[in-house]
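In what follows, a single structure is set out as structure tokens and then discussed.
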Amino acid sequence: MKQRIIAGNWKMNTRRSEAMLLIESIRHGVDARQIPSSIDVVICPPFLWLENAIEACMGNPALHRSSRSTVRCGAQDCHHEASGAYTGDVSAQMLADIGCTDVIVGHSERRLYHGETNALIARKILAAHAAGLRPIVCVGESAHEREHGATRAVITQQLDELVTGAGSAALNSCIVAYEPLWAIGTGVAASPEQAQDVHALIREQLTAVGAASTPLLYGGSVTAQNAPSLFACPDIDGALIGGASLSADSFLTIIDAAVSAWAE
Ligand code: PGA
């Protein structure tokens, strides 16, 4: 069974009260739908709201729920070491301890604002796996790189360095998200043809290292409107959604598009 994933990356958004409302609305919306187990719904709120999200989505018998929602909760980053003198950082094991299941690593905003390299991201993949988390690993080219015809070279190098650092087996237990930088938060998504073209390249590269079934997500200005045409592409297995995941309505509409595209 091919696994599909709809993941919401809330970034550094939502005040506490907004986050609680959004979590509840998404959980109710998901509970009310028949979502096949082949489609994972993941929300990645800020660290501080994660435990609330996990209690609301996964059920904490001590608190309230007996039935389990199918919403998984992920973090937006983790440290590459298991523990130590890293002020302000959060380890993968700490995330696992509170019931987190997934973690985004190597998002372009982490690469840009925190200087994260492929070598470091490879270590985060290993740290996530050691803690039992599923890494959502981001790759993507800048507008400048695309304009200069370097998209394929950039993606190939990112994947090569990740495989060198983490090992090909590790890539088999990841999700890879293709997020062109020029599409993130701009309202200009890659066209289905542009996205499929890069996804086919990523699939080819991962197949060559024995990771043919790694799910590939597209991210960058995904909306309820463009999701159906993106999900029709053969190598797109889901989406990593920023802005549109901050509204329960649009996030749930994207989930509906996934169910229509992939319900078996
Ligand atoms: P966006 O963000 O959907 O707001 O473009 C996607 C992401 O950065 O993961």
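Separation between the SER37 and SER191 pseudo-spin-labels, each 7 Å from Cα along Cα→Cβ, expressed in nm?
Taking the two extended label points, one gets 4.0 nm.
If each DSSP helix of 4+ residues adds -39,500 (n - 2.57) and the sum is divided by the residues in the chain, what number results at 222 nm, nearest 500 deg cm²/dmol? Write out the running numbers ahead of the final one.
On the way: 11 runs with 117 residues, N = 264.
Using -39500 (n - 2.57) per qualifying helix, the result is -13500 deg cm²/dmol.
Label-point separation (nm) for LEU126 and THR87, each offset 7 Å from Cα along Cα-to-Cβ?
2.7 nm
Please give the contour-minus-distance gain from TYR113 to SER213: 0.36 nm per residue of separation, less the Cα-Cα distance, rounded to one decimal in nm. Kindly include the intermediate steps, with their values, before the conclusion.
Numbers: separation 100, 0.36 × 100 = 36.00 nm, distance 3.12 nm.
Going from the current span to full extension adds 32.9 nm.
In debye to the nearest 20, how big a dipole does the chain give about its Cα centre with +1 on each Lys and Arg Cβ and -1 on each Asp and Glu Cβ?
Details: 18 positive and 27 negative charges, 85 e Å.
Using Cβ point charges on Lys, Arg, Asp and Glu, the chain gives about 420 debye.
Separation between the GLN3 and LEU48 pseudo-spin-labels, each 7 Å from Cα along Cα→Cβ, expressed in nm?
Between GLN3 and LEU48, the simple spin-label model gives 3.1 nm.
Any read-out appearing in this document is the output of simple, stated calculations on the displayed coordinates, not a laboratory observation. It should be emphasised that the depicted structure is a prediction, and the values quoted were computed from it without experimental measurement. Because the Cβ atoms are built from the backbone with ideal geometry, glycine has one as well, and the counts that use them run over all protein chains shown.
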